[in-house]
1. Those residues that are loosely packed, with under 11 Cβ neighbours inside 10 Å and of a type in the set (A, V, I, L, M, F, W, C), I need them from the range 154-182; list them, please.
2. Working only within the range 215-266, note down all residues that are open to solvent by 40 Å² or more (accessible area, probe 1.4 Å), in a helix (DSSP H, G or I) and more than 18 Å from Trp186 (Cα to Cα).
3. Given the criteria farther than 20 Å from Glu138 by Cα, assigned to a helix (DSSP H, G or I) and modelled with pLDDT of 65 or more, does Glu12 qualify?
4. When both residues are 6+ apart or on different chains and their Cβ atoms are under 6 Å apart, which pairs have a first residue that lies in the range 42-57 and is in contact (Cβ under 8 Å) with a residue 40 or more places away in the chain, and a second that is open to solvent by less than 70 Å² (accessible area, probe 1.4 Å) and part of a helix (DSSP H, G or I)?
5. Check whether at least one residue in the range 183-202 is at pLDDT 90 or above, over 15 Å from Ile274 (Cβ atoms), of a type outside the set (A, V, I, L, M) and open to solvent by 80 Å² or more (accessible area, probe 1.4 Å), and report yes or no.
6. Which one of these does Arg277 not meet: (1) at pLDDT 90 or above; (2) under 23 Å from Lys183 (Cα atoms); (3) out of contact with any Ser or Thr (no Cβ under 8 Å at 6 or more places or on another chain)?
7. Residues in the range 183-206: is at least one basic (Lys, Arg) and under 35 Å from the mean Cα position of the chain (by Cα)?
8. May I ask you to list the residues in the range 60-78 that are closer than 23 Å to Arg151 by Cβ, open to solvent by less than 100 Å² (accessible area, probe 1.4 Å), free of Cβ contacts under 8 Å to residues at least 60 places away in the same chain and not β-branched (Val, Ile, Thr)?
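The values are calculated or read from the model by the stated rules, or taken from the named source; none is laboratory data. On a predicted model such as this, the values are computed, not experimentally measured, just so you know. Every residue, glycine among them, receives a Cβ derived from its backbone with ideal geometry; neighbour counts consider all protein chains shown. To get the accessible areas, we keep the full protein, side chains included, count just its heavy atoms, and leave off ligands, DNA and RNA. Shrake-Rupley method; radii C 1.70, N 1.55, O 1.52, S 1.80 Å.
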Amino acid sequence: SDLESSKVICEELVRTASLSQGNGVGVIGSSLSTLNTVRTLGGTLQNQISFVVDMIEKARNAFNFSNPRITVLIMLCLSVLWTVLALIPTRIVILIGGIAQFGATYYDKYMSPRKKKREVSSEDKKTDASDVGGNVFENMFLSIPTDEDLRRTYFWEARRVGEREREKYAMAKRQTRVEKLWKARWHGSLVMKEKKADANDTQNSSARSSWSWKGIFALIEGHRFIWWRSEKHFDTGESPLGQIFFAGHSGLAGLSPLDLRELTKEEIPSVVSIFGRGQQGQQKITMLAPSLELKDSLENAVFFASTDAKAD
């Protein structure tokens with residue numbers, strides 16, 4: 001009897017444990033199912049709100065020439081509708097519209113030529129030609145871009161416009177700074193003949209390979225010719241690369257036989273050479289102007305700065 005009682009107690013304990021485990025798994029499974037349901041409903045709600053917002057943006061953009069052809073078409077349709085309603089009584093317009101709708105339906109159902117139906121497999125769907133093309137007005141409305149479509153389409157163009165505006169602002173600021181602060185007689189962008197850093201280590205190389213043209217931004221202020229690496233370096237207030245004082249024996253210099261041998265025929269007419277007192281004694285620099293007009297203006301400014309004793 002004790003053995004039978006023990007068996008009954010063990011069976012009862014096993015049954016109770018099984019029920020408890022089943023209930024625990026059920027609670028966990030129900031919680032996960034609820035979370036998945038909430039997440040699915042949240043995504044569906046977000047998609048629906050996004051669709052409604054897109055439709056509102058499309059309706060607004062239909063009248064602000066985001067798509068010029070559709071906006072012009074809508075304006076023409078509204079103008080025609082206004083003219084018709086102004087000249088013809090409204091009840092007659094409604095009557096004609098209703099009759100036209102009934103007539104179109106009657107013609108399509110009873111009088112239009114029937115097209116031969118082609119046999120398709122059970123997996124294919126039978127579609128009418130009008131369903132393939134879709135609704136003309138719906139397609140026209142859906143072709144209107146949203147604000148996000150416009151942002152993506154004109155992103156790079158907007159960046160280019162912004163860059164041009166920033167360049168114009170920087171140019172105007174630079175011009176004001178040169179004229180008001182520096183009181184420069186001349187300023188502009190040139191390319192300067194500079195010796196390469198490894199020219200001394202290069203053996204059996206031609207004279208042309210020992211130097212190269214490097215861009216600079218230069219100005220003439222009083223008796224000084226000052227240059228920076230670029231316009232950006234000048235705008236940010238960095239120290240100049242060098243300067244030449246037009247004091248004593250200084251001014252414009254001619255091309256030496258070595259310069260004539262190293263330069264090409266296309267470069268010689270645009271080359272300007274100046275000399276004066278540099279940071280390490282007498283110095284001569286050779287520059288290439290981008291145009292003959294800029295070369296003439298630079299030579300005139302250098303000649304005036306080197307001969308005018310009253311220049312500041």
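1. Phe155, Trp156, Ala172, Leu181
2. Across the range 215-266, the qualifying residues are Pro257, Leu258, Leu260, Arg261.
3. Numbers: farther than 20 Å from Glu138 by Cα: yes; assigned to a helix (DSSP H, G or I): yes; modelled with pLDDT of 65 or more: yes.
Here the answer is yes, as Glu12 does meet what is asked.
4. Close Cβ pairs (under 6 Å, with a partner that is open to solvent by less than 70 Å² (accessible area, probe 1.4 Å) and part of a helix (DSSP H, G or I)) amount to Glu57/Asp147.
5. Scanning the range 183-202 turns up at least one residue that is at pLDDT 90 or above, over 15 Å from Ile274 (Cβ atoms), of a type outside the set (A, V, I, L, M) and open to solvent by 80 Å² or more (accessible area, probe 1.4 Å).
6. (3)
7. no
8. Within the range 60-78, Asn64, Pro68 qualify.
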